[in-house]
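Q: Starting off with a structure, shown below.
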Amino acid sequence: MTELADTAPAAPLIKPKTSKDDRIMVGFILVICLYLLITLAFPLYAMLSKSFSTYAFDLTNFEFQVNAGDGWSEPFSAAEQNDKIQKFKPKDLVTSSDGRLATTEFFPDFSFRSPTLYRLRQVRGDTSFLFGTERVDDTEWHEYSSNDFRRIVIRASGDTGLDNFRTYFSTPALFRSIENSLFISFLSTIITVSLAFGFAYALNRSTMRFKGLFKLVAMIPILVPSLLPGIALVYLFGNQGMIKGLLFGESIYGPIGIVIGSVFFTFPHALIIITTALAISDSRLYEAATALRASRWRTFWTVTIPGARYGLISAAFVVFNLVITDFGLPKVIGGQYNMLAVDIYKQVIGQQNFEMGAVVSVVLLIPALLAFGVDRYVQKKQVAQLSARSVPYVPKPHRQFDRICLAYCSLVAVFIVGLIAVCQYAALIKFWPYNLSLSLDNYNFEVMDGGGWDSYTNSIQLGLYTALIGTVVVFVGAYMVEKVNGFFTTRSAFQFLAMMPMAIPGMVLGLAYIFFFNNPDNPLNAIYGTLAIMVICTVTHFYTVSHLTAVTALKQMDREFEAVAASLKQPFQRLFARVTVPVCLPSILDISIYLFVNAMTTVSAVIFLYSPDTTLASVAVLNMDDAGDIAPAAAMGMMIFYTNVGARLIHQFVSRKLVRTTQAWRGG
Amino acid sequence: MTVQNKGEPGSAKPYLQIDRLTKKFGNFVALDSVSLEVYEGEFICFLGPSGCGKTTFLRAIAGLDIQTSGTVMQDGADISALPPAERDFGIVFQSYALFPNLTAERNIAFGLENQKVGKSAIDKRVNELLELVGLPDQGPKYPAQLSGGQQQRIALARALATSPGLLLLDEPLSALDAKVRSHLRHEMKALQRRLGVTTVMVTHDQEEALTMADRIVVMNHGVIEQVGTPTQIYREPDTLFVADFIGAMNQVSGRVNSDDRITIGELSFKSRTHGLASDAPVVAAIRPEDIVPRDPRDESEAENSLEVEIDDMEFLGSFWRVSLKSSALGEASLMADLSINATRTLAAEVGSTIRVALPADRLWVFPPAGSL
């Protein structure tokens, strides 16, 4: 029988015909892939290549001839002349892409009134010089009078290499930042994770009162820019601080301030992760521990901690990443203490040294990428743990323990509310510490640096556009990549691109945008300096978390819906509109509020991208603080806070209403 | 193994022709060159243990997971490579996949809308279908407000709404409790017969297959073991796997003795031998209800009869299942189903000795498992 089978003609191989739905879906995926390539991959590539491009004056390529009335001299190069007069050392000749060098520098006795004539030529055509604004890149001899000759500058010529990195690591002021950043991040991570674990433990394992209130308070820091706690700390512990004495002479400007502020703004992020990890623990394990007469202490170390370990690790890496990539806080309270993210800003905005800015960005990318990688790995493990069927733990009253928990949570809550209250107080008084009468003067933003009330309305616009466009792009992208059949390469490429933004610090993304979009050769150059580029940048910056939210919601839907719709000859668009979107509406609203709040508070990516017409509230806080208008900065920060609170309330109201009208089916 | 279509109704024409279908997932062969013909109006069940390839087979027919090689013809047209939307079928999944945010009637109407059908015509059709599945008043309810059985019937109505030529059912009853399941079994079968729609159902429940199917396709390890009517499958299993998988079956090892005899232990039995060589090892199989107790007063030496000792008795309501041993058979023990009457006449009890016969036409002989 086997022989027979061997000789029978083989059954034809089937190449499945792709359906119209699949082709449309892949089209969508490719469009969003292209979007992510343009808004993420290409700018990053531009930044990387920038970090390797070096600029120097190539003196060997310029030759002079001089005629002081006694005929033309033999041609001699600028390099020979430099050797003769010992003017520039090699390191003086290293410059940036905008470097200029006046040719008169090579003639110590140059006078523009002398009748001397000069000739200049380039040996090869790969350099250029400027005569006034006229660019010359040929290899002809050009003759100038001394009066014209003083208007000539040599331009730097580019090369690629590791020189920028060599400079970086041989400049102690720069590479010291690595150590500082790592130190601050480690310290903040340990403190935040410990504090958040205690808080989550109290919420999960005690029967104390006011749990709902504590949960609300703990989320406050998400609603404000990371630099706001910095301002509050200045008021509390600054040179004229309210309770400055508590620091015993130490300065708040520096590591102490950065760490306290970092703990404040990373606390809710750690809390969310650890709460989830504790919530999935199995009560049966605790029953077993009790039955085995294990002490509370022993149970804690053998059941609670191992159960929450992935949550703790994940929280630690998330906090680490947030601190090391944060820019606003160290900018406000860091003083002379240099951190990587601030270095990028200083190099680019302060010194206009874009190449060095790119180098610092690359350095900052490494710990951020590492933290991201470990976090992803750990998250996967946690999911596996979640799928086990466990019985949720229900805490029993225990008076003393509950009282300790209440006291602890109250302390943390006072810390959070306290910093916000200080900001509000600072915003409302006339002139700390001399005139403590209340006034709204500080809200008169028009008279301050930072863009006035326009920057507030710009921020609202940015928030709304980001929420609207971002939600549509993210949800449609997630739907297509989850539901399309086949096309594995395209799908994995998309998934990779969607995960990438989480690993890219905002400062790095913003700088990358300068390199990519500010290039005159780029057809997209027109959006540079507009609100559009900031919307795009913000959507991309916060893409990953939104994408994961959408994917989680989509995975909870029956995976046969598409098969049923296909069997009923209905295009997927109809299923998407009639079923997928209505069912996922709560998650879709969550994505939009997440994007809105982050667009309102973000500073890092947009700091490089705003123009005088598109200043933002969060950037205004920074700039007013920079200019010494700290009270107005606090006032603007509080405006952001109240706006986000308002947005949250609207979100909650709309969600409830929608759930009631469109999700009547959920009740069962 | 060549597939024999034993029970096809002579007059009907093949509606579905499946030729040497193979489906590979990486190196794993989920379906291995499977061929089958399904006749118009037939109710076919794919039956087998989990992982046997039955769901893969169904999804290949639907175009949801298209086969690696082999062809599928539906109503004379080659649909092998077509995506699901370009095929003609309705499908009910184990989860029902009802759209949770649409009412029962909107679920049923989903496939009718967007098809140039007027609104009143749609309403009429929806009411007709609700009537058909016996839920005329449940239209305005959401799926979450319906019981499991009701949800199943709404899913069926939705699948039938567009009057597809082929109805595919992927374990449609397995999410229901036993009582609802047996009730719906009859209802679905009656409905299918009334509509005359060609139906393929996947199930791992042999009772379901035996009661509902016109023909059963027994599958194992990605190949078809046997195709036949429920009685054929039960009474005349082609392979040891089928014999073992469907119903209860005694299995005893033995050897071929001659053309029409086999040896088990020290005893020789008259039996079919399917042309197996003399002395070839075989497995002899007989169903418990086919073991016939002999009247102790009947002294005649009947064929294939032997003395056995009752080792254990289990009361199963309408009959006794007794475990029988005989030193002549060696280690093997036999299960026999004895009627209440028979046990009374035989005065059977644990430890007593009775005489039973293994009728030659009820005794099946197969090559041992794994020897193919």
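The values are calculated or read from the model by the stated rules, or taken from the named source; none is laboratory data. Given the structure is predicted, the values throughout are model-derived calculations rather than measurements. All Cβ positions, even for glycine, are placed from backbone atoms using ideal geometry, and neighbour counts span all protein chains on display. In case anyone asks, the SASA skips ligands and DNA or RNA and just uses the protein heavy atoms, side chains included. Shrake-Rupley method; radii C 1.70, N 1.55, O 1.52, S 1.80 Å.
Q: In square angstrom, rounded to the nearest 10, how much accessible surface does residue A:105 have for a 1.4 Å probe?
A: Surface open to solvent at residue A:105 totals about 70 Å².
Q: Another question about this same structure. Can you list the residues of segment B:119-164 whose accessible area drops by at least 10 Å² going from the chain on its own to the full set of protein chains, with a 1.4 Å probe?
A: At a threshold of 10 Å² (probe 1.4 Å), the residues of segment B:119-164 that become less exposed are B:142, B:144, B:145, B:158, B:162.
Q: Rounded if a/c is under 1.5, else prolate if a/b is larger than b/c, else oblate: which is segment B:218-372, with a ≥ b ≥ c the root eigenvalues of its Cα gyration tensor?
A: Note, shape of segment B:218-372 comes out oblate.
Q: Still on this structure, I have one more. Rounded, prolate or oblate: which fits segment A:56-160, taking a ≥ b ≥ c as square roots of the Cα gyration tensor eigenvalues, rounded meaning a/c under 1.5, else prolate when a/b beats b/c?
A: Because a/c hits 1.5 or more and a/b exceeds b/c, segment A:56-160 counts as prolate.
Q: Grab every C-alpha pair in the protein assembly as shown, bin the distances at 20 angstrom width from 0 up to the longest one, and report whole percents.
A: All Cα pairs, binned at 20 Å, distribute as 10, 27, 28, 20, 11, 3, 1, 0 percent.
Q: In segment A:11-44, what residues drop by 40 Å² or more of accessible area when the other protein chains are put back, versus the chain on its own? Use 1.4 Å, and skip ligands and nucleic acids.
A: Residues of segment A:11-44 that lose at least 40 Å² of accessible area once the other chains are added: A:11, A:12, A:14, A:17.
Q: Need one number: the % of Cα-Cα pairs in segment A:166-409 sitting beyond the 30 Å mark.
A: Of all Cα-Cα pairs in segment A:166-409, 37 percent lie more than 30 Å apart.
Q: Quick one: Debye curve from the C-alpha atoms of segment A:388-433, no solvent, what's log10 I(q)/I(0) at q = 0.27, 0.31 Å⁻¹?
A: Listed by q, the Debye log ratios stand at -0.93, -1.03.
Q: Please check segment B:92-107 for residues whose accessible area, probe 1.4 Å, is lower by 10 Å² or more when all protein chains are in place than in their chain alone.
A: B:93, B:95, B:97, B:99, B:100, B:101, B:102, B:106
Q: Let me ask you something else. Pick out, in residue order, every one of the trypsin sites (Lys or Arg not before Pro) in segment B:116-222 that is DSSP loop and has at most 12 other C-beta atoms within 10 Å; say none if there are none.
A: Sparse-neighbourhood loop trypsin sites (Lys or Arg not before Pro): B:116.
Q: Rounded to the nearest 0.05, what FRET efficiency do residue B:279 and residue A:290 have when you use their Cβ-Cβ distance and R0 = 51 Å?
A: After rounding to 0.05, the efficiency reads 0.15.
Q: Return, for the Cα atoms of segment B:166-264, the radius of gyration and Dmax in Å, separated by a comma.
A: 16.7, 52
Q: A further question on this structure: Using packing as a proxy for protection, rank A:41-50, A:594-603, B:52-61 so that the peptide with the highest average count of other Cβ atoms within 10 Å comes first.
A: So the order, starting with the most tightly packed, is A:594-603, B:52-61, A:41-50.
Q: Take each of the peptides A:437-449, A:180-192, average the number of other beta-carbon atoms within 10 Å over its residues, and list them starting from the highest.
A: Top to bottom by mean Cβ count within 10 Å: A:180-192, A:437-449.
Q: So, with a 1.4 angstrom probe, what is the percent of accessible area on chain A that is carbon and sulfur?
A: Accessible surface attributable to carbon and sulfur in chain A totals 62 percent.
Q: Whole number in Å², please: accessible area per residue of the protein assembly as shown, 1.4 Å probe, ligands, DNA and RNA not counted.
A: Dividing the accessible area of the protein assembly as shown by its residue count gives 46 Å².
Q: Shifting gears a bit: Once the piece of chain linking residue A:110 and residue A:151 is laid out straight, how much longer is it, given 0.36 nm per residue of separation minus the C-alpha distance between them?
A: 13.5 nm
Q: Would you mind checking segment B:46-90 for residues with the amide N under 16 Å from a putative spin-label position 7 Å along Cα→C-beta of residue A:23?
A: Once the point is set 7 Å along Cα→Cβ of residue A:23, B:81-87 turn out to lie under 16 Å by backbone N, inside segment B:46-90.
Q: Sort chain B into rounded, prolate or oblate with this rule: let a ≥ b ≥ c be the square roots of the eigenvalues of the Cα gyration tensor; rounded if a/c is under 1.5, and if a/c is not under 1.5, prolate when a/b is larger than b/c, oblate otherwise.
A: prolate
Q: Give, in nm to one decimal, the length gained when the segment between residue A:396 and residue A:380 is fully stretched (0.36 nm per residue of separation minus the Cα-Cα distance).
A: Extra length available between residue A:396 and residue A:380 comes to 2.6 nm.
Q: What's the FRET efficiency of residue B:187 with residue B:13 using the Cβ-Cβ distance as r and R₀ = 30 Å, to the nearest 0.05?
A: 0.60
Q: If you don't mind, there's one more thing I want to ask. If every alpha-carbon in segment B:85-169 counts as one equal scatterer, what log10 I(q)/I(0) does Debye give at q = 0.16, 0.22 1/Å?
A: One equal scatterer on each Cα of segment B:85-169 leads to -0.55, -1.05.
Q: What's the average, rounded to a whole number, of partner chain beta-carbon atoms within 10 Å of each residue's beta-carbon in B:78-86?
A: Average per residue, whole number: 6.
Q: Please enumerate, by chain and number, the lysines with C-alpha under 21 Å from the C-alpha of residue A:211, excluding those fewer than 8 residues away in the same chain.
A: Here the lysines satisfying the reach criterion relative to residue A:211 are A:396.
Q: At a probe of 1.4 Å, how much accessible area disappears from chains B and A on forming the pair, both sides counted, to the nearest 100 Å²?
A: 3200 Å²
Q: Given a Förster distance of 51 angstrom, what is the FRET efficiency for residue A:102 paired with residue A:37, based on the Cβ-Cβ distance and rounded to 0.05?
A: After rounding to 0.05, the efficiency reads 0.75.
Q: Along Cα→Cβ, 7 Å out, is where each label goes; now give me the distance between the ones at residue B:315 and residue A:352 in nm to one decimal.
A: 10.4 nm
Q: OK, next. Given a cut-off of under 8 Å on Cα pairs at least six residues apart, what relative contact order in percent is computed for chain A?
A: Here the relative contact order equals 17 percent.
Q: So, in nm, how far is label residue A:437 from label residue B:141 when the simple model puts each one 7 Å beyond its Cα toward the Cβ?
A: So the label points at residue A:437 and residue B:141 sit 7.2 nm apart.
Q: Let me ask something additional. Tally up the carbon and sulfur contribution to the accessible surface of segment B:74-158 as a whole percent, 1.4 Å probe, everything protein left in place.
A: Exposed carbon and sulfur together represent 48 percent of the surface.
Q: Below 8 Å between Cα atoms, with a sequence gap of 6+, how large is the relative contact order for segment A:56-160 in percent?
A: 34 percent
Q: Using only the Cα atoms of segment A:449-599, construct the convex hull and provide its projected area averaged over every direction, in square nanometres to one decimal.
A: 11.1 nm²
Q: Then there's this: Using a simple spin-label model with points 7 Å from Cα along the Cα→Cβ vector, what separation in nm is obtained for residue A:142 and residue B:344?
A: 12.5 nm
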